[in-house]
1. I need every pair where a residue in region B:6-31 that is at pLDDT below 95 has its Cβ under 7 Å from the Cβ of a residue that is among the aliphatic types (A, V, I, L, M) and buried (at least 16 other Cβ atoms within 10 Å of the Cβ), sequence separation at least 6 or different chains.
2. When you scan region A:17-49, how many residues do you find that are open to solvent by 20 Å² or more (accessible area, probe 1.4 Å), over 14 Å from B:T289 (Cα atoms) and within 8 Å of chain B (Cβ to nearest Cβ)?
3. Which residue, of B:S336, B:S312, B:S301, is in contact (Cβ under 8 Å) with a residue 24 or more places away in the chain and either assigned to a helix (DSSP H, G or I) or surrounded by 21 or more Cβ atoms within 10 Å (Cβ to Cβ) (or both)?
4. Confirm whether B:A375 is open to solvent by 60 Å² or more (accessible area, probe 1.4 Å) and not in a helix (DSSP H, G or I).
5. Are any residues in region B:315-327 within 13 Å of another protein chain (Cβ to nearest Cβ) and either among the acidic types (D, E) or part of a helix (DSSP H, G or I) (or both), and if so, which ones?
6. If a residue must be outside any helix (DSSP H, G or I), surrounded by 23 or more Cβ atoms within 10 Å (Cβ to Cβ) and of a type in the set (A, V, I, L, M), how many such residues does region B:218-275 contain?
7. For region B:148-164, enumerate the residues that are within 13 Å of chain A (Cβ to nearest Cβ) and either of a type in the set (K, R) or surrounded by fewer than 24 Cβ atoms within 10 Å (Cβ to Cβ) (or both).
Amino acid sequence: MKSWQCLVCGWIYDEEHGWPEEGIAAGTRWQDIPDDWSCPDCGAAKADFEMIEITRA
Amino acid sequence: MAAVSMEARAWRWHDRKRYLWPLGLVVPLFPFLAWALVDATGLGLFWWTGALVVYGLFPLLDQLFGKDSHNPPDSVLAYLEQDRYYRWCTYLFLPLQYVGLVVACRLWSAGGLSLLDKTGLAVTVGMVAGIGINTAHELGHKKDTLERWLSKIALAQSGYGHFYIEHNRGHHVRVATAEDPASSRLGETFWRFLPRTVTGSLRSGWQLERARLQRLGKRPWSLRNDVLNAWAMSLAVFGILVIVFGVAVLPFLLLQAVIGFCLLEAVNYLEHYGLLRRKTTSGRDERCTPQHSWNSDNIASNVFLYHLQRHSDHHANPTRRYQALRHDERAPELPSGYATMILLAYLPPVWRRVMDHRVLAHYAGDVTQANIQPARRAAVLARYGAAR
C-alpha cells in the first residue's frame, strides 16, 4: 500500500484508507482511480500528485 | 523527446502567442523607460511611467486587441510544456527586475529629483514589484527546485516571500470559501479586502509553515522555515542596497514594496469575487471547479500576466505552465482584462455596478449561493431580492 501526495497543497491519498467520502473504497490502488479525479482539497488534477513513502509509527 | 509528434512540431508554428510572450519583459523595463522618457522630454511626469502604462496603456490595449480564446489542442500540451523557450521568457524577468531596482536606488539617492518625481519613481518600481509577484507565482507552482528558488528571489523585492507558501498550500485549498483571506466576497470593497488579505495571508503562510515544521519535529524559528528564509532574502536585498546607497533609499524600498503587494492584492480581489464553493453533505467544501474563478481572455493583459487570467484552468492544473493554460467555456468571464478591472476595483461604486449583477447572474439570481461579506449580508440579501 502506497501513499500519494498532492504536489500543490500537500493533501495525501493513502491507498490503505481509500477515500470513502467519494466512494473510493479502502485499498483502492492509485492507478485504479480515474484520470479525471482531482485533489479533494485544492482541485489539482491527478497528474499533480506524486508518490511518497509514509513511515508509520 | 522522440515521442513528440510531427503534428506537434508543425503546430508550434501556429502558437500565435509564442513570440508575444517576451513582451512580458517590458514590465521590468519600466524604470529604464521612465528615465529615458524624462531625459528625452524633460517632463517629470514620466517618472510615473509604470502607473501610466499599467493603469492607462494596458487597459487601452485590452480594448484595442480584444479577446483571444484560442486553445492549444490536448495533443500538443506536453510539447508546449517541455519547450524551454517559454521558461526563459519568465526567467529573464528577474535580472531585469533587479537591475531596475538598483538603477532606481541610484536615481533616488543621487539627488535632483523633487518629492513628486521620487514618488513617481517609487510607484513605477512598485508596478514592477507587483507584476514580479505574478512572475513569482508562475515559477512558484513548478516542481523544479530552481524555479521555486527563482520564485522566492522574485518575491524578495516586495517582501512578500510568504506568498509562495500561502498561495499554494493555503489559497489553492480554500479558494472561493469564506475562510480564504485571498478570495473577495460580494459586498466587500477592495479597500475592506486589502487589510484582510494582507494580514490573513501573512498569518496563514506562517501557520502553514509552522505546522509543516512541527510535523517534521522542527522548531519554527529556523532558516528551514520557507517563510523566514524568503523574508531573509528581502532583508539581504534591502540591506545591501542601504549599505551601497545610504539609508536615504529605505523609504523608497518600503514604498515600492507596499505598492507592489497592493497591486498583487488588487488582482487577487478580482479573481474570485463573490464566488463560493458549496458545502457537501459531509461538511467539506465541494471541489474547486471552473465556475469558481473569474477569467478573461483579453489578449493584452494575458500576455503581460502570463495567462494568469485563464484562472480556472490554473486552479484545475496548478503546475501547468502558462503557455499551455486553456480558456474554459464554463468559467465566468470578466467584462475586460485584469488591467481594466483593477481600476474599477479601486472605485467601489463602479465595481459594484459592473460586477454584482454578474455574480448574481452566475448564480441564476440566487444571491444566497454567493460568497457574501458577513457584515453586509443583510444589506446584500435585501438589495438582491433574497431577504427571506
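1. Close Cβ pairs (under 7 Å, with a partner that is among the aliphatic types (A, V, I, L, M) and buried (at least 16 other Cβ atoms within 10 Å of the Cβ)) amount to B:A8/B:V76; B:W11/B:V76; B:K17/B:V303.
2. Qualifying residue count for the region: 2.
3. B:S301
4. Numbers: open to solvent by 60 Å² or more (accessible area, probe 1.4 Å): yes; not in a helix (DSSP H, G or I): no.
So B:A375 does not fit the description; no.
5. Matches in region B:315-327: B:H315, B:A316, B:A324.
6. Taking region B:218-275 first, the residues outside any helix (DSSP H, G or I) are B:218-225, B:246, B:272-275.
Now narrow it down to the ones that are surrounded by 23 or more Cβ atoms within 10 Å (Cβ to Cβ): B:272-275.
Among the residues that remain, those that are also of a type in the set (A, V, I, L, M) are: B:275.
So the answer is 1.
7. Correct list: B:R148 only.
Quick grid of which residues meet (1) assigned to a helix (DSSP H, G or I); (2) within 14 Å of chain A (Cβ to nearest Cβ):
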{"site": "B:H167", "(1), (2)": "yes, yes"}
{"site": "B:T177", "(1), (2)": "no, yes"}
{"site": "B:L194", "(1), (2)": "yes, no"}
{"site": "B:G200", "(1), (2)": "yes, no"}
{"site": "B:R203", "(1), (2)": "yes, no"}
{"site": "B:Q207", "(1), (2)": "yes, yes"}
{"site": "B:A211", "(1), (2)": "yes, yes"}
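The values are calculated or read from the model by the stated rules, or taken from the named source; none is laboratory data. Source: prediction; values computed, not measured. FYI the Cβ positions are ideal-geometry reconstructions off the backbone, even for glycines, and counts take in every protein chain you see. Each accessible area value is taken on the protein alone, full model and side chains, heavy atoms only, with ligands, DNA and RNA left out. Shrake-Rupley method; radii C 1.70, N 1.55, O 1.52, S 1.80 Å.
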